[in-house]
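Working notes, structure below.
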Amino acid sequence: MEIAQNQNDPSMVALHGRFDANECDRLDAFVQRMREKGQADLKLDLSAVSFVDSSALASLVWLSKWATANNQRFEVHNPSDSVSVILEITAIDRALTIRNTSPVPQ
Amino acid sequence: MTAETLPSAEASSDPSTGSSAGSAEIGRLRHQLEELTDAHVLANEQFLALHRLSEFSSASLDPEVAVKRTVDEARTLLGAAQTAYRVGGDATSPNPTLSYDRGDGQTALVVPVRSDDQYFGVLEVVSSPRHRFSTADMKLTEALCNQLAMVLKLSTLHHEAIERTIIERDYNTASILAQAALNRPLPVVEGLELATFNRPARAAGGDFYAAARCGDGLYLALGDVSGKGLPAALIMSSATSATYSAFERCSAGTANVALSEIDRQLSSYLAETGLFITIVVAYVDLKQNQIQLSNAGHSPVIITQDGKATNSYADGPPIGVLEARTHGSRSWDFNPGDMLFLGTDGCTDQTNAGGALFGEDRVTRLIGNLGNIPATEVLTRLTRDVDEFAGDEDQIDDLTAMVVRRDPEGQDK
């Protein structure tokens, strides 16, 4: 899975590929480095994610809880169709802030 | 000593000069002989020292033993006055073999002991005043250090292998204990056929199920802890206990109350771990011909009625996502011949070599097309189809399923 931070909007991070248990630690480390540099708000672009499993969903939930506990912002942007289906079936979409927006130029 | 150096008979026969010249020559030769003898003895000792170093046994894997042997044999091999091994030193320095004059006629060698990218320490050797170290001594010391590094590396690998074996053994034991939570016998209820299947993707998994009689009906639950492996299995064990506890506390026909009780028992624990559990609780009421479902984020949940399969979706997010809450429920008719299928994403998320998913639609079609076959056969067919789809691909997630079928008309006892 590729992880890319938007140069024009540092709070926007795009994931590309399969988001599963093997990738959760990488995303955690990436977000931690962002926080250490002072970037606490996080917008996760999932438009290019082809698959999420329960570990990935747990990562999203954990990011959301951390943001709430620390008065920061966490949003899921433009989830792909396959991700949207999973979020709806599990009703986790009711616990996240999900936005469908125009893409931010890199 | 050569023939040319031997004293000639003519020189020793001179009465005025021959005896003193001859004595000096004899003295010189004797000195040479002593030096040669010393050199021979030293060479023999060095040979024996090299032979000892080449001997290898399991005891020599002990780092302290290996270091002591090297230090002792270095002293013998090099004729050194002092030898010492020091842990630490400058690990970033290039591969130096330093030789410097200490100002008292002695020389010293400081050679790093390293293996590939692992640095262990340095061997320091100080020469005796009679023997200054040469280039050959430097090479010999390097060889000694390379051998010591090899032994220290082997020792490290040996201990790491032992630790891994211990961890693996403890992991397997913990997995067996965690999976034992699923070993309760299934209840028997007249008019119902109940079957379950569980196959973790690793030694232990986070899927669980529970079934208990309550009144004239039956409580069922099937759940999936997010994540995989032993961490999920440990939470699964707690979740199974909480589920059976809730079944005992709740009166018949209140699937949503049972789920709310499970949520209450587990929510704080889940908040600490950062994990969640998708779970569906069902109450099968034979008197009312109904099945009540309370679903927190779980799928697939499929009801077949008159041969038609319908998915029942979640009423809310999994437990652990939000704070403990009161859950809702839905009721379905459950008449003779009808079937309830509960599964986990181990079947829907299974991929094949081409990367395609087995998918929820495929599961629903399969369940809908099976007709009135026994509950155990439903599970056999499902797992067979999932395995055939996967081919040589590894099992991607824990696969668990539960089927309850109401006996067809006329067979109710």
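The values are calculated or read from the model by the stated rules, or taken from the named source; none is laboratory data. Quantities reported herein were computed from a predicted structural model and do not represent experimental measurements. Cβ placement follows ideal geometry from the backbone for every residue including glycine, while neighbour counts extend to all protein chains displayed. All accessible areas refer to the heavy atoms of the entire protein, side chains included, with ligands and DNA or RNA removed. Shrake-Rupley method; radii C 1.70, N 1.55, O 1.52, S 1.80 Å.
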Working only within the range B:247-260, note down all residues that are out of contact with any strand residue (DSSP E or B) (no Cβ under 6 Å at 6 or more places or on another chain) and farther than 20 Å from B:A314 by Cα. B:E248, B:R249, B:C250, B:S251
For A:Q32: the one exception among (1) out of contact with any strand residue (DSSP E or B) (no Cβ under 8 Å at 6 or more places or on another chain); (2) surrounded by 15 or more Cβ atoms within 10 Å (Cβ to Cβ); (3) under 28 Å from B:S267 (Cβ atoms): (2)
Has the range B:169-187 got at least one residue that is in contact (Cβ under 8 Å) with a residue 40 or more places away in the chain, hydrophobic (A, V, I, L, M, F, W, C), open to solvent by 70 Å² or more (accessible area, probe 1.4 Å) and part of a helix (DSSP H, G or I)? yes
Looking only at the range A:35-86, count every residue that is open to solvent by 60 Å² or more (accessible area, probe 1.4 Å) and among the hydrophobic types (A, V, I, L, M, F, W, C) and tell me the total. 4
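Okay, residues lined up against (1) away from chain A (no Cβ under 12 Å); (2) not hydroxyl-bearing (S, T, Y):
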| residue | (1), (2) |
| --- | --- |
| B:T348 | no, no |
| B:T351 | no, no |
| B:G355 | no, yes |
| B:F358 | yes, yes |
| B:G368 | yes, yes |
| B:I373 | yes, yes |
| B:V378 | yes, yes |
| B:L382 | yes, yes |
| B:D387 | yes, yes |
Right, B:L157: assigned to a helix (DSSP H, G or I) and in contact (Cβ under 8 Å) with a residue 40 or more places away in the chain or not? no
Looking only at the range B:190-229, how many residues end up being open to solvent by less than 30 Å² (accessible area, probe 1.4 Å), modelled with pLDDT under 85 and touching a Ser or Thr at 6+ places or on another chain (Cβ under 7 Å)? 2
Any hit, the range B:256-274, residues being surrounded by fewer than 21 Cβ atoms within 10 Å (Cβ to Cβ), touching a Phe, Trp or Tyr at 6+ places or on another chain (Cβ under 6 Å) and of a type outside the set (D, E): yes
Give the number of residues within the range A:46-83 that are touching a Leu at 6+ places or on another chain (Cβ under 7 Å), hydroxyl-bearing (S, T, Y) and within 23 Å of B:T273 (Cβ to Cβ). 2
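I need the full set of residues from the range B:86-109 which are in a strand (DSSP E or B), modelled with pLDDT of 70 or more and closer than 17 Å to B:D137 by Cβ, in order please. Lay out the reasoning, then the answer.
Here is the first cut: in the range B:86-109, the residues in a strand (DSSP E or B) are B:86-87, B:98-101, B:107-109.
Next cut, modelled with pLDDT of 70 or more only: B:86-87, B:107-109.
The answer is B:T107, B:A108, B:L109.
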In the list B:R381, B:R365, which residue meets the criterion of being under 13 Å from B:F197 (Cβ atoms) and open to solvent by 10 Å² or more (accessible area, probe 1.4 Å)? B:R381
